[in-house]
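Okay, so here's the structure we're looking at.
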Amino acid sequence: MVRAERKVSRQSLAEAVGAHYQTIGYIERGQYNPSLDLALKIAKFFALPVEALFSLEPFRPLTDQVYGRNE
């Protein structure tokens with residue numbers, strides 16, 4: 001999770017992108033899909049392409065990617 005890795009609080013991210021801090025939690029848990037506008041704002045905040053943060057397919061666990069484990 002990029003937010004935690006960069007030591008950004010939910011509240012700080014929410015304020016920066018104009019969302020409620022609970023919305024950030026829902027997005028992180030996969031309980032809410034952000035609007036395109038919100039997804040782009042979050043990507044801009046982290047200076048990453050939106051597809052690095054959001055995908056139609058679930059992301060593989062990072063440990064699988066690091067250690068080359070197959071699904």
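The values are calculated or read from the model by the stated rules, or taken from the named source; none is laboratory data. Because the structure is predicted, anything quoted here is derived from the model rather than measured. FYI the Cβ positions are ideal-geometry reconstructions off the backbone, even for glycines, and counts take in every protein chain you see.
Numbers for the structure displayed
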quantity	calculated
Output for the stretch 4-26, where each listed residue is among the basic types (Lys, Arg) and in contact with a helix residue (DSSP H, G or I) (Cβ under 6 Å, 6 or more places away or on another chain)	10
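Conditions tested, residue by residue: (1) among the polar types (S, T, N, Q); (2) surrounded by 12 or more Cβ atoms within 10 Å (Cβ to Cβ); (3) part of a helix (DSSP H, G or I); (4) at pLDDT below 95.
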site	(1), (2), (3), (4)
16	no, yes, yes, no
19	no, yes, no, no
24	no, yes, yes, no
32	no, yes, no, yes
37	no, no, yes, no
42	no, yes, yes, no
51	no, no, yes, yes
55	yes, no, no, yes
